[in-house]
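Peer 1: Shown below is the structure under consideration.
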Amino acid sequence: MSEDLKKDVQARMAKSVEALKAELGRIRTGRANTALLDHVMVDYYGTRTALPKVANVTVADARNLVVSPWEKGMVAAIERAILESGLGFNPVTSGMTIRIPMPPLTEERRRDLGKVARSEGENAKIAVRNIRRDTNNHLKDQVKKKLLSEDEEKRLVEAVQKATDQFIAEIDKLVAAKERDILEI
């Protein structure tokens, strides 16, 4: 029981960290990254579809993304979706290829993106703490039902706290690295 509980807590907390990594990957740093376009939705014959499912997105160099639609008729729809995405990109179309230059970030925008990164980090910490709280409540219920001894509960609570501290430290490292990346010119 106790090993299963520990593994479950570790897995759930790891999912929170993975979600944070995905969110931080969407925050633009000035360098081209294909993840920036993962959530752009394109009107694909009447169905809202993610851009990577209708086109190949690649990094041409540090400042340019290249989108190559799989169907010629999708070029205009993809260009429109990128413009309407609110990402601040101005795609340049030439034939079947859409080039997306990354505009340089201003100092003010960099600070704003740093705040967004810290906010995402705080949300991940809240998720980890909620997992800890739910697990501790579950352990208390197990003690009340006489399915778990108080000594065992104390040992498991300490293990859950140790895992919580470990994952919060990892979240802090990820956010600090992203902030350095954003502020780097």
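Peer 1: Could you look at the stretch 69-133 and say what percent of its accessible area is carbon and sulfur, using a 1.4 Å probe and all protein chains?
Peer 2: Using a 1.4 Å probe with all protein chains present, the stretch 69-133 comes out at 51 percent carbon and sulfur.
Peer 1: Rolling a 1.4 angstrom probe over the protein heavy atoms, how many square angstrom per residue are accessible across the chain?
Peer 2: Computed with neighbouring chains in place, this is 58 Å² per residue.
Peer 1: While we're looking at this one, here's another question. With r defined as the distance between the Cβ atoms of Trp70 and Ala169 and R0 fixed at 45 Å, what FRET efficiency is calculated, to the nearest 0.05?
Peer 2: After rounding to 0.05, the efficiency reads 0.55.
Peer 1: Taking Rh as the Kirkwood radius computed over C-alpha pairs, what is the Stokes-Einstein D of the stretch 103-185 at 10 °C in a medium of viscosity 1.306 mPa s, expressed in µm² per second?
Peer 2: 106 µm²/s
Peer 1: What pairs from Lys15/Lys146; Lys15/Lys162; Lys15/Lys145; Lys7/Lys178; Lys125/Lys162; Lys6/Lys125 go past 21 Å between their alpha carbons?
Peer 2: Lys15/Lys146; Lys15/Lys145; Lys7/Lys178
Peer 1: I'm checking a number: the convex hull volume of the Cα atoms of the stretch 39-87, normalised per residue, in Å³. What is it?
Peer 2: 76 Å³
Peer 1: What spacing in nm lies between the two simple spin-label points modelled at His39 and Val143, each 7 Å away from Cα in the Cβ direction?
Peer 2: 4.0 nm
Peer 1: Angle, helix 150-183 long axis vs. longest principal axis of the chain, Cα atoms, 0 to 90°, nearest 10?
Peer 2: 20 degrees
Peer 1: If you don't mind, another one. Subtract the Cα-Cα distance of Lys53 and Asn136 from 0.36 nm times their separation in residues, and report this length gain in nm to one decimal.
Peer 2: 25.7 nm
Peer 1: Could you give me D for the chain, from Stokes-Einstein at 37 °C and 0.692 mPa s, where the hydrodynamic radius is the Kirkwood radius over C-alpha pairs? Units µm² s⁻¹, please.
Peer 2: Rounded to a whole number, D works out at 171 µm²/s.
Peer 1: Taking every Cα atom in the stretch 63-132, find the radius of gyration and the maximum pairwise distance Dmax, and write them in Å.
Peer 2: In order Rg, Dmax, the Cα atoms of the stretch 63-132 give 17.5, 53 Å.
The values are calculated or read from the model by the stated rules, or taken from the named source; none is laboratory data. No experiment lies behind these values; they were computed from the predicted model shown. Neighbour counts are summed over all protein chains in view; Cβ atoms, including those assigned to glycine, are modelled from backbone coordinates with ideal geometry. Heads up: the accessible areas ignore ligands, DNA and RNA and are worked out on the full protein's heavy atoms, side chains in. Shrake-Rupley method; radii C 1.70, N 1.55, O 1.52, S 1.80 Å.
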